[in-house]
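Have a look at the structure below before the remarks.
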Amino acid sequence: MRKYVIMGVQGSGKGTQSQLLAADLDLVHISVGDIFRWNVQNHTKMGAMVRRIMAAGELVGDDLVESVVRERLTQHDWNFGFIIDGFPRNRPQAEFFLESYDINGVIVLDLPDSEVRRRVLNRRVCPGCGINYNLIDSSPKVPGQCDSCGGELVTREDDTEGALAVRLRDYHEKTNPVIELFRRKEYVFMVDARPAPEVIQEQIRNCLGLPPCKHGAEVA
Ligand code: ADP
Ligand code: ZN
């Protein structure tokens, strides 16, 4: 059973790296941001509660976040383990988590803020299959259209200058101290998030003592 946490600033590739690792090791990928976005898209009661908070780039309240995580993990569909992305983001969340689960490793994707802005402000997402594109280094073949499903690409509501500034500030103020908290338990691995996705994936595997990717990391 493997239980991992992946952390890193906005646009550092947490989602991409989690999916690569999860697919290869049969882990369940739990993205708190994706769960909230699904609720917003599907107009649920929870979606209505979090929509504005997310669009402004602010953090959703700890009680709601913790209940989402608890509920997701009690489904126990993670026979081989899980990788959780976007949680914990502050000290109370980290304390809640550490009380309930033993973690095998924490991966921190490291990226300078200047690169974050370049990536996030040029990001487009396919609402159909969730693939991320970057208009600078991974633009779709047909402008505005998903290579995989043909869906119309959109900009995330929180990928604006204003919301990004709030998200980055929260990351440095609230999420960075979580890394220090985890560090006391000595299983934090810092990985440079600037190289190509498949290079980062191999680094992550090295750190975690895992063999190279079975399928060979293929990334859009
Ligand atoms: P990013 O890491 O790029 O900010 P995510 O997709 O992880 O994006 O999260 C999107 C939004 O969902 C956050 O800005 C926040 O509003 C909310 N959210 C996700 N995870 C948490 C969390 N652990 N605590 C509070 N809010 C969260
Ligand atoms: Zn698509």
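Listed values, structure above:
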item: Helices (runs of 4 or more DSSP H) contained in segment 16-121 and holding at least 2 residues closer than 22 Å to ILE179 by Cα and touching a Pro at 6+ places or on another chain (Cβ under 6 Å); result: 91-100
item: Residue count for segment 136-150, restricted to those that are surrounded by 15 or more Cβ atoms within 10 Å (Cβ to Cβ) and in contact (Cβ under 8 Å) with a residue 12 or more places away in the chain; result: 4
item: Residue among GLY86, GLY81, GLY47 that is touching a residue at least 60 places away in the same chain (Cβ under 8 Å), surrounded by fewer than 17 Cβ atoms within 10 Å (Cβ to Cβ) and among the small types (Gly, Ala, Ser); result: GLY81
item: Residue among ARG194, ARG184 that alone is charged (D, E, K, R), farther than 17 Å from GLY8 by Cα, loosely packed, with under 15 Cβ neighbours inside 10 Å and away from ligand 1 (no atom under 16 Å from the Cβ); result: ARG184
item: Test for ASP102: is it away from ligand 1 (no atom under 12 Å from the Cβ) and in contact (Cβ under 8 Å) with a residue 24 or more places away in the chain; result: yes
item: Condition met for VAL5 (outside any loop (DSSP other than H, G, I, E, B) and touching a Lys or Arg at 6+ places or on another chain (Cβ under 8 Å)); result: no
item: Given (1) of a type in the set (Gly, Ala, Ser); (2) loosely packed, with under 15 Cβ neighbours inside 10 Å; (3) away from ligand 2 (no atom under 16 Å from the Cβ); (4) assigned to a loop (DSSP other than H, G, I, E, B), index of the condition GLY128 fails; result: (3)
item: Any chance ARG169 is in a strand (DSSP E or B) and free of Cβ contacts under 8 Å to residues at least 60 places away in the same chain; result: no
item: Filter result for the condition that a residue is out of contact with any strand residue (DSSP E or B) (no Cβ under 9 Å at 6 or more places or on another chain) and either of a type outside the set (Lys, Arg) or more than 30 Å from VAL60 (Cα to Cα) (or both), over CYS149, CYS126; result: CYS149
item: Tabulated pairs, segment 19-41, first without any contact (Cβ under 8 Å) to a residue 40 or more places away in the chain and farther than 13 Å from ILE6 by Cβ, second within 16 Å of ligand 1 (Cβ to nearest atom) and of a type in the set (Lys, Arg), C-beta under 6 angstrom, 6+ apart or interchain; result: VAL40/ARG51
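Yes/no per residue for (1) charged (D, E, K, R); (2) at pLDDT below 95; (3) over 18 Å from ARG37 (Cβ atoms):
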position: GLN93; (1), (2), (3): no, no, yes
position: LEU98; (1), (2), (3): no, yes, yes
position: TYR101; (1), (2), (3): no, yes, yes
position: ASN104; (1), (2), (3): no, yes, yes
position: ILE107; (1), (2), (3): no, no, yes
position: CYS126; (1), (2), (3): no, yes, no
position: GLY162; (1), (2), (3): no, no, yes
position: ARG184; (1), (2), (3): yes, yes, yes
position: VAL191; (1), (2), (3): no, no, yes
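For every residue, the table says whether it meets (1) within 16 Å of ligand 2 (Cβ to nearest atom); (2) in contact with a Cys (Cβ under 7 Å, 6 or more places away or on another chain); (3) not small (Gly, Ala, Ser).
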site	(1), (2), (3)
VAL106	no, no, yes
LEU109	no, no, yes
ARG117	no, no, yes
TYR133	yes, no, yes
PRO140	yes, yes, yes
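The values are calculated or read from the model by the stated rules, or taken from the named source; none is laboratory data. What you are looking at is a predicted structure, and each value in this text was computed from that prediction instead of being measured. Here the Cβ is made from the backbone with ideal geometry for all residues, glycine too, and neighbour counts use every protein chain on show.
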